[in-house]
Amino acid sequence: TQLLEQSPQFLSIQEGENLTVYCNSSSVFSSLQWYRQEPGEGPVLLVTVVTGGEVKKLKRLTFQFGDARKDSSLHITAAQPGDTGLYLCAGARWGNTPLVFGKGTRLSVIA
Amino acid sequence: IAGITQAPTSQILAAGRRMTLRCTQDMRHNAMYWYRQDLGLGLRLIHYSNTAGTTGKGEVPDGYSVSRANTDDFPLTLASAVPSQTSVYFCASSQQAGVSYEQYFGPGTRLTVT
């Protein structure tokens, strides 16, 4: 059973379009992270959200943590080819337990 | 500062052979992790270490072993490789174990078991 479900699995859009990807769970997390991974490289952290209902913005990227701390979304405004990559969400439970990763959303932005 | 280095970059290995994937970090991070990444299955945790001298099992530990003799190094050993262990392996570290700490990933090792 996958603890964190990401949707959609694949997304191909034109440059300039907006998009939202989702990360959902039936479990509560103390915090949630979003990573981006480019081909041939390891994932790189984009943001950590820690408070239910929290919204964080990183230039054209907006991240939201659900009020119940079970889900999160990533919205990209005016997507650019440089946004292409694999977006992974990762949930942290309490204590020293390791992060749980979703399977990722593979985004392709076509110029 | 190099961050996390992994070796080798890629390897083709015959089934039944023993192999150690190396991982070294220079950030003095306490926690280290090994993941495998397979198409459609995402990142899956193999083993982790919250601090030097301790290790724990992740989601898919069978067929793998780790050691953490010091802070900087966290090698992953496949005692007798099987084709299902063909994957891309990522090592990661974080300042501390636990919530909210960023994980820093190495560049990965692409392993093919034939």
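The values are calculated or read from the model by the stated rules, or taken from the named source; none is laboratory data. These numbers were taken from a predicted model, which means no experiment stands behind them. Note that each Cβ is placed from the backbone with ideal geometry, even for glycine, and that neighbours are counted across all protein chains shown. Keep in mind that these areas ignore ligands, DNA and RNA; they rest on the heavy atoms of the full protein, side chains included. Shrake-Rupley method; radii C 1.70, N 1.55, O 1.52, S 1.80 Å.
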For segment B:86-114, give me each residue that is more than 28 Å from A:LEU32 (Cα to Cα), touching a residue at least 40 places away in the same chain (Cβ under 8 Å) and open to solvent by less than 60 Å² (accessible area, probe 1.4 Å).
B:LEU111, B:THR112, B:VAL113
Can you name the residue in segment A:19-44 that is surrounded by fewer than 17 Cβ atoms within 10 Å (Cβ to Cβ) and within 13 Å of another protein chain (Cβ to nearest Cβ) and, of all such residues, is nearest to B:GLY106 (Cα to Cα)?
A:GLU41
Scan (1) within 14 Å of chain B (Cβ to nearest Cβ); (2) in a loop (DSSP other than H, G, I, E, B); (3) surrounded by fewer than 20 Cβ atoms within 10 Å (Cβ to Cβ); (4) not β-branched (Val, Ile, Thr) for the single condition A:GLY16 breaks and write down its number.
(1)
Does B:LEU45 fit the bill of being without any contact (Cβ under 8 Å) to a residue 24 or more places away in the chain, under 28 Å from A:ARG36 (Cβ atoms) and surrounded by 20 or more Cβ atoms within 10 Å (Cβ to Cβ)?
yes
When (1) in contact with a Leu (Cβ under 7 Å, 6 or more places away or on another chain); (2) at pLDDT 95 or above; (3) open to solvent by 40 Å² or more (accessible area, probe 1.4 Å); (4) within 11 Å of chain A (Cβ to nearest Cβ) are applied to B:GLU59, the one that fails is (2)
Residues that are closer than 27 Å to A:PRO8 by Cα: list the strands (runs of 3 or more DSSP E) wholly contained in segment B:1-61 that include at least 2 such residues.
B:31-38, B:42-49
What about B:ALA52, is it surrounded by fewer than 13 Cβ atoms within 10 Å (Cβ to Cβ), farther than 22 Å from A:GLY40 by Cα, more than 10 Å from chain A (Cβ to nearest Cβ) and modelled with pLDDT of 95 or more?
no
Segment A:80-103 residues that are within 10 Å of chain B (Cβ to nearest Cβ) and open to solvent by 50 Å² or more (accessible area, probe 1.4 Å), paired with ones that are assigned to a strand (DSSP E or B) and at pLDDT below 90 (beta carbon under 7 Å, 6 or more apart)
A:LYS103/B:GLY42
